[in-house]
1. Below 8 Å between Cα atoms, with a sequence gap of 6+, how large is the relative contact order for the chain in percent?
2. If Lys and Arg each add +1 and Asp and Glu each add -1, what is the summed charge of the other residues whose beta carbon sits under 14 Å from the beta carbon of G275?
3. Sorting check: for 342-351, 17-26, which peptide has the highest mean count of neighbouring beta carbons within 10 Å, and how do the rest follow?
4. Per the Debye formula with a single identical scatterer at each Cα and no solvent contribution, what log10 I(q)/I(0) holds for the chain at q = 0.09, 0.13 Å⁻¹?
5. Output the relative contact order of region 212-303, whole-number percent, from Cα pairs under 8 angstrom with separation of 6+ residues.
6. Please name which of G65, V23, A116 has its Cα lying farthest along the dipole of region 8-136 towards the positive end, using unit charges on Cβ (Lys, Arg +1; Asp, Glu -1) and the Cα centre as origin.
7. Taking the convex hull of the Cα atoms, report for region 1-100 its projected area averaged over all directions, in nm².
8. Considering the options A183, N5, G209, tell which one lies farthest towards the positive end of the dipole of the chain, charges being +1 on Lys and Arg and -1 on Asp and Glu at the Cβ, about the Cα centre.
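Each value in this text was obtained by applying a stated rule to the coordinates, not by laboratory testing. Computed from a predicted model, the values in this text were never measured in an experiment. As a convention, Cβ positions derive from the backbone with ideal geometry for all residues, glycine included, and neighbour counts pool all protein chains shown.
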Amino acid sequence: MPQPNAVKCLVVDDEPRLRRVLVRLLEGEGFICSEAGSGTEALEVLQHDPVPLVISDLRMPQMDGVTLLREIIARWPTTAVIVVTAVAEVESAVACLQLGALDYVAKPFHLDEVRARVMQALDKRSLKMEVEDYRRTLEQRVQEQARRIEELSLERLQALVHFLEEKDPYTSGHSVRVADYSARIGRQMGLSQAVMDTIALGAELHDIGKIGVSEAVLHKAGKLTEAEYRHIMEHPVIGARILAPLMRDVPPALAIVRSHHERLDGKGFPDGLKGDQISLEVRIVGVADSFDAMTSVRPYRPALSVQKALQELEEGKGTQFHPPAVEAFLAAFPDRSGLPVTTPEVRPLHLPPPLDAHGRSTPPD
Ligand SMILES: [Fe+2]
């Protein structure tokens, strides 16, 4: 009488008499056995009911034991296979072990030997599964740790951006406001959460490259010379260089940092990208960044009124700005009294989940 948690086993042999001997032996040990007279039949049985243990003869018509073994290993890698060979076939048995069979028994076999081999094979199988399980857990933990380290670096960079901005009353709160405006535009445009996360990341770090710009130039009260303007406009490239190692898995966020001063008409910085060469995420942040810059006081000019800044956005549609992003911005603030927004609180940034092999974002577990 098999136990409720008895192990299932499939015996494959074209000789019914030998099959019966093995089945009787294994049932005596508490296994639940099914039988197959050929490799093909064995695959059909496994298809409907995979088992942890298969004992298979090597020489069989239709499909021999080696072919069956290859199929089982490919399709049911956790199934333990023991091959039954004639004494003269030891070489084949060794080849089977190399292919992944867990053991072999030579005919004529002693029942005690079969019993011992079966138990050993099941032990090996459990061990293999434990190792595989451990490897998978370990891999996952390494990935989690790597991500945590990346997020810690991200926190430091985010703190650095805010520190830089707070040092300068003219730029204080700029990046969080740009992220806020961008999020409102994105929401209005019905973008997916993955794209919104990317925008949040890129928008808040977009000006990090200003760390590489001379403070004297950055805070100059008067009009910039051509050389000084060019120097300031290096910040998108510097920023992208700083963030590249951290954002290698989020190229769209990195593009925001590098390209937020590009214009649709190709007259922007640093690459003179035009039209479709500028991603939607970049176009959205471009509108948000410009609006916040216009409505903030600068050392060389007072803040523009909201009305004037909105007019600039309208007039720049199609040349500097992406028209749907401008429309979405306006729609997000039907009551203009909400403009400019008050600087929101800084929240920790997160890296969007990595993309799968098809370039889709994978939701976290
Ligand atoms: Fe910038």
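1. Reported relative contact order: 12 percent.
2. It works out to a net charge of +1.
3. 17-26, 342-351
4. Each listed q maps to, in turn, -0.63, -0.93.
5. Reported as a whole number, the value is 24 percent.
6. A116
7. Hull-based average projected area comes out at 6.2 nm².
8. Going by the Cα projections, it comes out as G209.
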